[in-house]
Amino acid sequence: MKYEIAIHRTEEGISVSVPALPGCWSEGDTEDEALANIQDAIREYLAALDDRMRDAEIREVEVQV
């Protein structure tokens, strides 16, 4: 899957967040490190979400924007 990410550069390094996954973020000293770290963070986020949703009743809703 592909996720849109937001890259924030500061004097301390680079932080990366995933707007579609609230609370999913990571950081690194370089862009390459930050991108590798956010890939790991996304995998961990999705695994935790899967665990949390395991016993839930899942439905879909349609929303017009």
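Read the figures in this text as sums done on the coordinates, not as results from a lab. No experiment lies behind these values; they were computed from the predicted model shown. Every residue, glycine among them, receives a Cβ derived from its backbone with ideal geometry; neighbour counts consider all protein chains shown.
One chain, two ends: residue 44 and residue 30. Fully extended at 0.36 nm per residue, the span grows by 2.9 nm beyond their Cα-Cα distance. Debye-formula intensities of the chain, expressed as log10 I(q)/I(0) at q = 0.25, 0.29 Å⁻¹, are -1.04, -1.22 (one equal scatterer per alpha-carbon, no solvent).
Here the chain is treated with +1 on each Lys and Arg Cβ and -1 on each Asp and Glu Cβ, and its dipole about the Cα centre works out to around 260 debye.
Converting phi to 3J(HN,Hα) with the Karplus coefficients 6.51, -1.76 and 1.60 and the offset θ = phi - 60°, the range 9-16 yields 9, 9, 5, 7, x, 10, 10, 9 Hz in sequence order, with x at every glycine or proline. Against the chain, whose longest principal axis comes from its Cα atoms, helix 31-53 is set at around 20 degrees.
Across the range 6-53, C-alpha contacts under 8 Å between residues 6 or more apart give a mean separation that, scaled by the residue count, equals a relative contact order of 26 percent. Once backbone amide H atoms are built at 1.01 Å from N, residue 27 has 16 as its partners under 5 Å, excluding neighbours fewer than 5 places away on the same chain.
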